[in-house]
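Notes to accompany the following structure.
None of the figures in this text is laboratory data; all of them are computed from the coordinates on show. None of the values given here were measured: they were computed from a predicted structure. As a convention, Cβ positions derive from the backbone with ideal geometry for all residues, glycine included, and neighbour counts pool all protein chains shown.
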Ligand SMILES: NC(=O)c1ccc[n+]([C@@H]2O[C@H](COP(=O)([O-])OP(=O)(O)OC[C@H]3O[C@@H](n4cnc5c(N)ncnc54)[C@H](O)[C@@H]3O)[C@@H](O)[C@H]2O)c1
């Protein structure tokens with residue numbers, strides 16, 4: 001049992017990850033711009049904060065860490081945004097939005113957590129298959145997730161001397177509320193070799209696995225594609 005910081009816990013894979021850690025009796029510090037969607041647990045510390053704002057994040061996290069017992073054992077950087085953009089539709093504003101949440105957010109949260117992390121702890125960053133292969137209409141999102149993949153490698157190198165591992169997960173199609181709303185999931189499943197999309201809970205299991213030093217202690221700087229053979233690199 002330990003303490004996990006999970007961003008984006010208000011929805012989709014972040015929520016599934018928070019629920020999995022809570023089920024396994026961990027303390028969970030959930031960071032999201034939204035309110036708790038109804039996760040009930042005495043071990044849940046809900047921090048309503050924007051990952052783009054380093055200063056307020058650091059202050060909010062420091063008090064939550066104290067309440068949760070003083071240390072952080074796992075960090076899951078799940079919060080992310082994915083509005084479509086092309087050369088025609090990109091603006092400075094949507095560039096800042098996508099890169100600030102998806103890239104700066106990972107850096108801000110990791111920087112705020114590291115002072116509370118001991119050897120054996122781990123960070124898991126959410127990239128996407130779109131960070132490895134090009135996806136039509138995802139000009140800035142794909143670039144932001146490629147940045148997450150490279151930041152994962154750099155941070156692994158930088159934090160290895162502290163005994164902190166940093167890995168990534170690059171999901172393909174996952175049955176999240178956002179994807180369900182597009183109405184394209186059933187169609188997408190037909191072209192995925194394993195014949196289905198992933199469930200958020202099975203992605204959460206990989207956060208659990210990657211952050212376990214007894215099972216994944218030699219996996220560091222890697223971003224794992226979980227796509228049902230849809231994307232192979
Ligand atoms: N859904 C997919 O199929 C899929 C595929 C590949 C990668 N991903 C990536 O996985 C991650 C989770 O995706 P999802 O579909 O579960 O997301 P989601 O949209 O269901 O949930 C994202 C959560 O992040 C929060 N959030 C957004 N901006 C924030 C900010 N600035 N500060 C704090 N919290 C913020 C939102 O409030 C929301 O609760 C994202 O990084 C996404 O890019 C998703």
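Largest mean-square fluctuation among 85, 110, 182, in a Gaussian network model of the chain whose springs join Cα atoms under 10 Å apart, belongs to 182.
Label the range 89-134 by shape, choosing from rounded, prolate and oblate, from the square roots a ≥ b ≥ c of the eigenvalues of the Cα gyration tensor; if a/c is under 1.5 it is rounded, and otherwise prolate applies when a/b is larger than b/c, oblate when it is not. Oblate.
In terms of its Cα atoms, the range 1-60 spans 31, 22, 17 Å along the principal axes, sorted from long to short.
Both numbers refer to the Cα atoms of the range 78-233; Rg and Dmax are 16.0, 48 Å. Pairwise Cα separations in the range 14-170 fall into 10 Å bins from 0 onward with the following percentages, short to long: 11, 38, 36, 14, 2. Result for the chain in a Gaussian network model with C-alpha springs under 10 Å: among 168, 195, 183, the largest mean-square fluctuation is at 183.
Rounded to the nearest 0.05, what FRET efficiency do residue 134 and residue 111 have when you use their Cβ-Cβ distance and R0 = 25 Å?
On the way: r = 30 Å, r/R0 = 1.21.
My answer for the efficiency is 0.25.
Computed extension length for residue 181-residue 118: 18.7 nm, one decimal, from 0.36 nm per residue of separation with the Cα-Cα distance subtracted.
For every helix of n ≥ 4 consecutive DSSP H residues, a contribution of -39,500 (n - 2.57) applies; sum these over the chain, divide by its total residues, and give [θ] at 222 nm rounded to the nearest 500 deg cm²/dmol. Intermediate values should be presented prior to the final figure.
On the way: 9 runs with 93 residues, N = 233.
About -12000 deg cm²/dmol.
Per-residue extension of 0.36 nm, minus the Cα-Cα distance of residue 189 and residue 229, leaves a gain of 13.3 nm for this segment.
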